[in-house]
1. If you scan the range A:57-67, which residues turn out to be more than 13 Å from A:Val8 (Cα to Cα) and either in a helix (DSSP H, G or I) or among the aromatic types (Phe, Trp, Tyr) (or both)?
2. Quick one: count up the residues across the range A:28-45 that are under 10 Å from the mean Cα position of the chain (by Cα) and in a loop (DSSP other than H, G, I, E, B).
3. For B:Leu381, are the conditions met, namely being within 12 Å of the chain's Cα centre (by Cα) and at pLDDT 95 or above?
4. Hey, can you tell me all the residues within the range B:238-257 that are in contact with a Lys or Arg (Cβ under 6 Å, 6 or more places away or on another chain) and closer than 23 Å to B:Lys397 by Cβ?
5. Quick one: count up the residues across the range B:312-349 that are at pLDDT below 95 and either more than 11 Å from B:Gly291 (Cα to Cα) or in a loop (DSSP other than H, G, I, E, B) (or both).
6. Give me a count of the residues in the range A:32-45 that are more than 22 Å from B:Arg139 (Cα to Cα) and either without any contact (Cβ under 8 Å) to a residue 12 or more places away in the chain or buried (at least 17 other Cβ atoms within 10 Å of the Cβ) (or both).
7. Going by what's in this entry, would A:Ala21 be described as out of contact with any Ser or Thr (no Cβ under 8 Å at 6 or more places or on another chain), away from chain B (no Cβ under 14 Å) and surrounded by 12 or more Cβ atoms within 10 Å (Cβ to Cβ)?
8. Condition first: buried (at least 16 other Cβ atoms within 10 Å of the Cβ), part of a loop (DSSP other than H, G, I, E, B) and not β-branched (Val, Ile, Thr). Now tell me which residues in the range B:207-231 satisfy that.
Amino acid sequence: MSDTAEKVKKIVVEHLGVEEAKVTEDASFIDDLGADSLDTVELVMAFEEAFGVEIPDDAAEKITTVKEAIAYIDSQKAA
Amino acid sequence: MFANGAAPRRVVVTGMGMVCPLGLGVEHVWKRLIAGESGISAIQSFDTKDLPARIAGQVPSGTRETGGLDLAEWIPVKDQKKMDRFIQLAIVAATEAVEDSGWRPEDEEGRCATGVMIGSGIGGLQTIYEASLTVASGRAKRLSPFFIPSALINLASGHVSIKYGFKGPNHSAVTACATGVHALGDAARLIALGDADVMVAGGAEAAISELGMAGFCASRALSTGYNDTPQQASRPWDEGRDGFVMGEGAGVMVLEELEHAKRRGAKIYGEVVGYGMSGDAHHITAPSDTGDGAFRSMRAALKSAGVAPAEVQYVNAHGTSTPLGDDLELGAVERLWGGDAGKLAMSSTKSAIGHLLGAAGAVEGIFSVLAIRDAVAPPTLNLENPSRESAIDRVAKQAQPRRIEVALSNSFGFGGTNASIVFRGAP
């Protein structure tokens, strides 16, 4: 697991109060992990804070799974 | 609006829940109150060195079994951050009350006939304070999406309705320190007029924060002379009183239409028989100098109950321990009761728990119902030397066994708002 993936999963576990085992890469924040729309807003803010990246609203809307979060963050870090 | 010709329906109390400075759980708190214990102590949660008032009535931690608060027992950790402490306390008290009532509607009709009316005087003050710091430090974009719903007063009612699926009237009273009585009284009216069959009603407050304490210090309302002897600070009617002691907590009742309660075989604690309100039209923080607002509020409540003053044996006073307010209320009660004042017991339970602001009226309403049930008047702690004599027995220092058929509870708030509610034992 990449550093990003590990950190993303940890943030998801903390913010959504779910078991680590449920936070697979394919897991959807809303459908699988019980998040609502405000939870996802907060989650994206936590990613921004933890990784020092900026995630604009139009990009944030497309981040619905753990995998998509990891991919977006990695793309920003590489840029 | 009210032209359907239906007569007002009777309203009874079928569930009660409470968390306050004397602990968590109605029976646990009541036992301690009657034993003359105090819930006032030095503030531990933040540094008070810059404040003239450094004590408060704080909810003790512990477990439900031991009568203390462990939030994890009541609210999932991930949800706790979505709500200010006043909402958390409201959920705790509402959960106890709903469980106590045994009312869990199983069909849509029952859910739609069950509403919630939990108010607060101030709401999410600490949440607003913290959010302000975030914005002031140039981090407006970092504000939590839960900031607004965490701070809004009616979200206490919102959360409780969501938790239980109660789809009836969803409302909140916001009348400073009169909130609790207004919530109970207005909720009872909704049932009486047919808007709901069951209402989960009460008040919650959590203003023991730097901003809350500094604010009430600035308005010169708090006791400052007893920082080293906190349990002596709240002393209603005593000549040594010097202001109120801030308290936190929540009180919630399940109010229910009498026949509805009987049909399901509910335990009935007592009946809400009267409710009255008035405005001072005098000053933003000071009570009217004749006690006229309090007088008219109590008179209206007794009138709606169809009860004469002589039929009331106990008054739970607003009695905040302020130099001005206590004697004005006393004078208003003396005037209304007239020659029957000598038969009346009146105490201020704020002497033991402090002033719970928007939760006060709900918590004290519960005490009034229990005073009738157990035939005992709770004490006014620290009443050593009354600032003036009165024919009314103010139940100094020790609880008194008394036959109590009808009890009246007062709450008055900033803005010159007054509310009184009258209870009778189970019909």
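The values are calculated or read from the model by the stated rules, or taken from the named source; none is laboratory data. This is a predicted model, so every value here is computed, not measured. Because the Cβ atoms are built from the backbone with ideal geometry, glycine has one as well, and the counts that use them run over all protein chains shown.
1. Residues satisfying the conditions are A:Asp57, A:Asp58, A:Ala59, A:Ala60.
2. Summing the residues that are under 10 Å from the mean Cα position of the chain (by Cα) and in a loop (DSSP other than H, G, I, E, B) in the range A:28-45 gives 1.
3. It is false that B:Leu381 is within 12 Å of the chain's Cα centre (by Cα) and at pLDDT 95 or above.
4. The answer is B:Arg241, and nothing else.
5. Result for the range B:312-349: 1.
6. Counting residues in the range A:32-45 that are more than 22 Å from B:Arg139 (Cα to Cα) and either without any contact (Cβ under 8 Å) to a residue 12 or more places away in the chain or buried (at least 17 other Cβ atoms within 10 Å of the Cβ) (or both) gives 4.
7. Numbers: out of contact with any Ser or Thr (no Cβ under 8 Å at 6 or more places or on another chain): yes; away from chain B (no Cβ under 14 Å): yes; surrounded by 12 or more Cβ atoms within 10 Å (Cβ to Cβ): no.
So A:Ala21 does not fit the description; no.
8. Residues satisfying the conditions are B:Ala207, B:Ser209, B:Ala221, B:Ser223, B:Tyr226, B:Asn227.
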